[in-house]
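> Right, I'll just put the structure down here and ask away after.
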Amino acid sequence: MLVIDEERIFEEIKRRKAKRVVMNAPDGLLNKVHNLSKKLERELGIEVIIVAEPSYGSCDTVDEEALKLNADVAFHIGHKISLPFLGKRTVFIDAYDDVSFKDVLEKALPLIKDFKRIGLCTISQHIHSLKEAKEFLEKMGKEVVIGKGKGQLLDGQIFGCEFYPVYSIKDEVDIFLFLGQSRFHAIGVALSTNKPTLMLDPYLKEVEDISPLVDERYKRAILSIYKALDAKNFGIIIGLKEGQLSLLRALQLKEKIKKFGRDVSLIALREVKDDRLLLFKDIEVFIQTACPRISLDDYHEKLVLSVPQAEALIALWEGKKIDDFLLKSHWL
Ligand code: SF4
């Protein structure tokens, strides 16, 4: 069960003498957040506004919405990062999962019997489970490595687009175990490190080798790059979400692509969806600098490349090899 760090919310409201706050969270937490908003209003006499737009990651903060809504604080719930605060108003609030990994770790043992050095990683709600998992595996005779955090990432933590703690130890381990029920993240670990990766699902108590999904994603990603080789008209999308805005990256890509005689238009969007993209009839290939997973995981009618795919496309135009285009600590 996910447990929101309510105590910290109460503390921050009192410390800041806040009168109005906004809160946002992933869909799975919205009902809990709704209940919490009622509690805050009742016990503290403040006004709470829930920003119910989809929230997929720590990039989905709502600092600007808080300003528009004249709120004193913006609580971003459920995506813990290494920083407690961001922007002018945003406070990151932890929501940890109290589910146990004991059973699924035991189930994984026969599958990792031939691997000596194990890399452990997870997402924010299970960070506290890394220590126990490490101790368990060490008792079973394994060497266990948890990569150091960097930037917004804590030790052993990954995002769907940032993998430094696993990338930095990929040569020290034989396999990665991802703790959590998220193929999305486990696939990211495997693609960014090129290592076998197992997903340990604590709810279903199942261990999943995600290699078939990884192969499919990789092939689809590389095929898109080759399909874009002869295109003449490109659209570079600048994501308007707070944590996704990367104007500089978009401008750099524009300059590079223009050097190869292509026409490039800049387009800004909050949500990168086909219904918006298909309005641009002359654009053959989109490159979006918002979230790499929109390109790598979703299906689109037109080609929609991520930043590493766009860089690989440019490398191909330059006559270089691109096999390792996703083998990176960061896909933005
Ligand atoms: S940019 Fe995409 S992958 Fe990265 S944190 Fe945001 S939603 Fe997740």
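Every residue, every condition in (1) surrounded by fewer than 16 Cβ atoms within 10 Å (Cβ to Cβ); (2) of a type in the set (Ser, Thr, Tyr), yes or no:
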{"position": "LEU204", "(1), (2)": "yes, no"}
{"position": "ILE210", "(1), (2)": "no, no"}
{"position": "LEU213", "(1), (2)": "no, no"}
{"position": "ARG217", "(1), (2)": "no, no"}
{"position": "LEU223", "(1), (2)": "yes, no"}
{"position": "TYR226", "(1), (2)": "yes, yes"}
{"position": "GLY239", "(1), (2)": "no, no"}
{"position": "GLU255", "(1), (2)": "yes, no"}
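> Step by step: first the residues of the stretch 249-272, then only those that are within 16 Å of the ligand (Cβ to nearest atom) and not in a strand (DSSP E or B), then the one that is nearest to LEU332 (Cα to Cα). Which residue is that?
ARG249
> Kindly indicate the residue of the stretch 312-332 that is assigned to a loop (DSSP other than H, G, I, E, B) and free of Cβ contacts under 8 Å to residues at least 40 places away in the same chain and also farthest from the ligand (Cβ to nearest atom) among those meeting that condition.
Only one residue fits best here, namely GLY319.
> Can you name the strands (runs of 3 or more DSSP E) wholly within the stretch 169-242 that have at least 1 residues being closer than 20 Å to ALA108 by Cα?
Because the criterion is at least 1 residues that are closer than 20 Å to ALA108 by Cα, the strands (runs of 3 or more DSSP E) in the stretch 169-242 that meet it are 175-179, 197-201, 206-209.
> Are any residues in the stretch 187-241 over 25 Å from GLU162 (Cβ atoms) and among the basic types (Lys, Arg), and if so, which ones?
Listed by number, the residues that qualify are LYS205, LYS227, LYS232.
> Let me ask something else. For the stretch 107-145, give me each residue that is assigned to a strand (DSSP E or B) and within 16 Å of PHE178 (Cβ to Cβ).
ARG117, ILE118, GLY119, LEU120, CYS121, THR122, VAL144, VAL145
> Name, by its number, the condition in (1) more than 16 Å from the ligand (Cβ to nearest atom); (2) buried (at least 21 other Cβ atoms within 10 Å of the Cβ) that does not hold for LYS107.
Of the numbered conditions (1) more than 16 Å from the ligand (Cβ to nearest atom); (2) buried (at least 21 other Cβ atoms within 10 Å of the Cβ), the odd one out for LYS107 is (2).
> Out of the stretch 216-235, which residues are hydrophobic (A, V, I, L, M, F, W, C) and within 16 Å of the ligand (Cβ to nearest atom)?
Matches in the stretch 216-235: ALA221 only.
Throughout, read-outs are computed from the coordinates displayed, never taken from laboratory work. Since the model is a prediction, treat every value here as computed from it, not as a measurement. In this analysis, Cβ positions are derived from the backbone assuming ideal geometry, glycine residues included, and neighbour counts consider all displayed protein chains.
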